[in-house]
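What follows is a set of notes on a single structure, which appears directly below.
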């Protein structure tokens with residue numbers, strides 16, 4: 001990394017910053033053509049690891065301020081104002097039936113697009129991008145747990161961790177998910 005010349009005029013410093021930032025285009029690693037590579041966003045609910053297609057997760061947020069919704073099921077934590085849009089926030093762990101989530105510094109909200117707008121899904125932790133090869137996907141095993149089986153088609157081994165491929169589309173289309181009124 002080149003040292004910064006603080007004696008240079010401010011405009012020249014800004015021009016140099018722009019030149020250096022344009023040399024490192026955001027998103028470049030995702031644009032690399034890697035045939036046979038499936039990419040997803042990894043997250044954790046309790047001690048279970050999941051991954052959803054990178055196309056299904058629009059954004060990752062820290063837990064926003066929530067306004068409770070009277071008469072809603074326990075898993076609908078409330079609505080949040082996300083850049084001027086009201087977004088319902090669901091406790092994914094509670095929705096699945098694995099108990100209420102406890103929030104911590106690592107708790108995040110996955111913003112997922114659904115018919116009619118976006119929905120936020122509270123998860124215990126986001127674990128970043130994960131990639132799986134065709135061989136790993138071919139060796140996947142089925143989900144045995146009925147609670148998760150509605151949304152997890154298969155589990156894929158990556159290192160020592162078994163990742164459940166979680167379908168956000170199956171979740172948002174399920175009749176139970178669409179009925180948040182108690």
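The values are calculated or read from the model by the stated rules, or taken from the named source; none is laboratory data. Just so you know, these numbers come straight off a predicted model, no measurement behind them. Glycine also receives a Cβ, built like all others from the backbone with ideal geometry; neighbour counts cover every protein chain displayed.
Mind telling me which of the residues 169, 140 ends up being within 21 Å of residue 94 (Cβ to Cβ) and out of contact with any helix residue (DSSP H, G or I) (no Cβ under 6 Å at 6 or more places or on another chain)?
Working: 140 fails: within 21 Å of residue 94 (Cβ to Cβ).
Within the list 169, 140, the selection yields 169.
Would you check if residue 37 is touching a strand residue (DSSP E or B) at 6+ places or on another chain (Cβ under 7 Å) and either under 20 Å from residue 146 (Cβ atoms) or at pLDDT 95 or above (or both)? Can you show your working first?
Numbers: touching a strand residue (DSSP E or B) at 6+ places or on another chain (Cβ under 7 Å): yes; either under 20 Å from residue 146 (Cβ atoms) or at pLDDT 95 or above (or both): no.
Considered against the rule, which asks whether it is touching a strand residue (DSSP E or B) at 6+ places or on another chain (Cβ under 7 Å) and either under 20 Å from residue 146 (Cβ atoms) or at pLDDT 95 or above (or both), residue 37 comes out as no.
Which one is surrounded by the fewest Cβ atoms within 10 Å (Cβ to Cβ), of the residues in the range 39-56 that are within 17 Å of residue 132 (Cα to Cα) and touching a helix residue (DSSP H, G or I) at 6+ places or on another chain (Cβ under 7 Å)?
Looking at residues that are within 17 Å of residue 132 (Cα to Cα) and touching a helix residue (DSSP H, G or I) at 6+ places or on another chain (Cβ under 7 Å), I get 56.
Could you list, in sequence order, all residues of the range 75-87 that are more than 14 Å from residue 177 (Cα to Cα) and in a loop (DSSP other than H, G, I, E, B)?
83, 84
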